[in-house]
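Have a look at the structure below before the remarks.
We did not get these values from a lab; they are worked out from the coordinates using the rules stated. Since the model is a prediction, treat every value here as computed from it, not as a measurement.
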Amino acid sequence: MTYNQIKTRLAPCVLHCEKCFAFANGDIANQSGYLKYLLGNFDNYAERFVDLLDNAVFSNYPQFKVMLNSFSESECKGCREESCKLFKSCKVRKCHEKKNVDYCFQCFEFPCSNTGFDENLYKRSVDINFKMKEIGVKVYYNQIKYLPRY
């Protein structure tokens, strides 16, 4: 995979957009859509299974279906295509455009606190940026491309 292909999958903050629950056509959206297809008209059965199988877990199906629908109807195109739909306070996209860098670690001000991230996301982004800086974008991507984001 080329550097530019990888760049379409990793946000400027280096989070893996393709593995995000909000990413349209990402793994979570695609698998959720497939699970919805496989479940078909399970609503009717879930209701009956509470009594037939004496298992109250099926009474949670309506809430599960709401979450599944949300995952399968994701519309984010990724931070390189549009403003982040997940973290409304994110400042990284505008910053990377202004500074003309692909990733935070390529900026002379890295690490900075001008991300708009909460403490946990900031730490994760900085740690990943340092790792990418050390081993390179392609090597890093090959290490994580099949791993879950969360």
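Here's how it looks for C79: its modeled amide H is under 5 Å from none belonging to a residue 5 or more places away or on a different chain. For region 1-45, the C-alpha radius of gyration divided by 2.2 N^0.38 Å, with N the number of residues, is 1.59.
Given all pairs of different Cα atoms, what value in angstroms does the Kirkwood hydrodynamic radius of region 53-98 take? Value: 13.5 Å, from the Cα pair sum. Just checking the listed ones, E75, E18, E97: in the Gaussian network model of the chain with Cα springs under 10 Å, the one fluctuating most is E97.
Shape summary: region 1-137 maps onto an equivalent ellipsoid whose semi-axes, from the alpha-carbon gyration tensor, are 39, 15, 13 Å in decreasing order. The Cα atoms of region 40-117 cover 64, 21, 17 Å along the three principal axes, with the biggest extent listed first. On a 27 Å Cα-Cα criterion, which of the cross-link pairs K77/K133; K36/K138; K94/K123; K94/K131; K77/K99; K36/K77 come out too long? Exceeds cut-off: K36/K138. Evaluated at q = 0.14, 0.22 Å⁻¹, the base-10 log of the normalised Debye intensity for region 27-73, with identical point scatterers placed on the Cα atoms, takes the values -0.35, -0.74.
Taken over the Cα atoms of region 82-150, the convex hull encloses 104 Å³ per residue.
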